[in-house]
């Protein structure tokens, strides 16, 4: 089933929130921190269940990646990382450090063809 309503990062975030991925995270001192619980996580604590890449409409060099994650403590949520030429690399470095066995090979878990 093709879902044409999912086009932007916001559309995907909303769809995952509807599936229970409601926590938001941000990078603080090279750790991923839940904005809800303030709990900090290291790469070993994170399971990447899906990721989606987006290119900028006006500049394909502006790219972002939406990571859909679950933590060892049970938090489920999303991280939106900017990968433009001027972006901070801390988030990219964090996700590169996530152990390979903690990264799902499934492209998405929304149950729709993308």
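The values are calculated or read from the model by the stated rules, or taken from the named source; none is laboratory data. Everything numeric in this text was worked out from a predicted model, so none of it was measured. Every residue, glycine among them, receives a Cβ derived from its backbone with ideal geometry; neighbour counts consider all protein chains shown.
Matching residues to (1) touching a strand residue (DSSP E or B) at 6+ places or on another chain (Cβ under 9 Å); (2) touching a residue at least 60 places away in the same chain (Cβ under 8 Å); (3) within 18 Å of residue 82 (Cβ to Cβ):
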{"residue": "11", "(1), (2), (3)": "no, no, yes"}
{"residue": "28", "(1), (2), (3)": "yes, no, yes"}
{"residue": "33", "(1), (2), (3)": "yes, no, yes"}
{"residue": "46", "(1), (2), (3)": "yes, no, no"}
{"residue": "55", "(1), (2), (3)": "yes, no, yes"}
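I'd like the full set of residues that are surrounded by fewer than 16 Cβ atoms within 10 Å (Cβ to Cβ), in contact with a helix residue (DSSP H, G or I) (Cβ under 8 Å, 6 or more places away or on another chain) and modelled with pLDDT under 95, limited to the range 34-56.
Within the range 34-56, no residue meets the criteria.
Examine the range 86-106 for a residue that is modelled with pLDDT of 90 or more and closer than 20 Å to residue 11 by Cβ, and state whether such a residue exists.
No, the conditions are met nowhere in the range 86-106.
Output the number of residues of the range 10-23 satisfying the condition of being surrounded by fewer than 16 Cβ atoms within 10 Å (Cβ to Cβ) and either modelled with pLDDT under 90 or within 19 Å of residue 102 (Cα to Cα) (or both).
Of the range 10-23, the ones surrounded by fewer than 16 Cβ atoms within 10 Å (Cβ to Cβ) are 10-11, 14, 17-20, 22.
Next cut, either modelled with pLDDT under 90 or within 19 Å of residue 102 (Cα to Cα) (or both) only: none.
Residues that pass the stated criteria total 0.
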